[in-house]
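Rule-based calculations on the coordinates, nothing more; no lab input. On a predicted model such as this, the values are computed, not experimentally measured, just so you know. No Cβ is skipped: glycine too gets one built from the backbone with ideal geometry, and neighbour counts run over all protein chains shown.
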C-alpha cells in the first residue's frame, strides 16, 4: 500500500544555520566585495527590514547588483561548486536526519525555498528529494537579476505546491519552517513544526 504522507521543508534557517543567499554571494564574490555591496545597498536593506519595501524587491535589487549580466552557465557552475564545497557545513545535522527519516518512511519529501534553484538543487538532488524554488530570469543566456516567477515565499509556497500536487490527496502532511515566510505552508499541514531544529 502506497504511503501518502508528504513532508515539506523550508531551507534557509530551517535546514541550514545561515541564509544561503548571503553565503552564496560571499562564496562567489569574497567577503570584501560582499560587505562593500551590502554597505552600498544599506538604505534599501533598511527599508526592507522595517517592511517599507517587500521581500521580492529587495531580493531583485541584490541579485541585479551581484549577478546582473553573469553568463548563466557560470552562475550554474558556481551553484554546483557552492553545494559541493560550502553548503554541507551549513546544514543542521538534526534537520538532515529528519529529512532522511521521511525518506526512509517512503514519504514524498519536497524542499520549498525562496532560494534560487541553482545553489540548492544540486544538494537536494544528491540526497534524493524534490525541490520547489524561486526561479531567476535568464535572457540571452545571461542572468538579468530579475525573478522569472513570483518569489517562493509566504503564500507563494502554497501556490507553487498546488501547481504540482493536490494537498487533499495527502492525509498526513508534515511541514517544517522557521520564519513568517513559512506560516502559510505550516498552516496547510497537519503536523506543523516551527523552529524545530536548534543545532
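Here are the numbers for this structure:
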quantity: Residue in the stretch 43-54 that is in contact (Cβ under 8 Å) with a residue 24 or more places away in the chain and either more than 19 Å from residue 151 (Cα to Cα) or in contact with a strand residue (DSSP E or B) (Cβ under 7 Å, 6 or more places away or on another chain) (or both) present; calculated: no
quantity: Search result, residues across the stretch 158-187 that are touching a strand residue (DSSP E or B) at 6+ places or on another chain (Cβ under 8 Å), assigned to a helix (DSSP H, G or I) and under 21 Å from residue 115 (Cβ atoms); calculated: 160, 161, 164, 181, 182, 183, 185, 186
quantity: Some residue of the stretch 102-120 being closer than 21 Å to residue 179 by Cα, in contact with a helix residue (DSSP H, G or I) (Cβ under 6 Å, 6 or more places away or on another chain) and outside any strand (DSSP E or B); calculated: yes
quantity: Unmet criterion (only one of (1) within 24 Å of residue 75 (Cα to Cα); (2) over 15 Å from the mean Cα position of the chain (by Cα); (3) assigned to a helix (DSSP H, G or I)) for residue 123; calculated: (2)
quantity: Among residues of the stretch 63-106, those that are in contact (Cβ under 8 Å) with a residue 24 or more places away in the chain and closer than 19 Å to residue 139 by Cβ, counted; calculated: 15
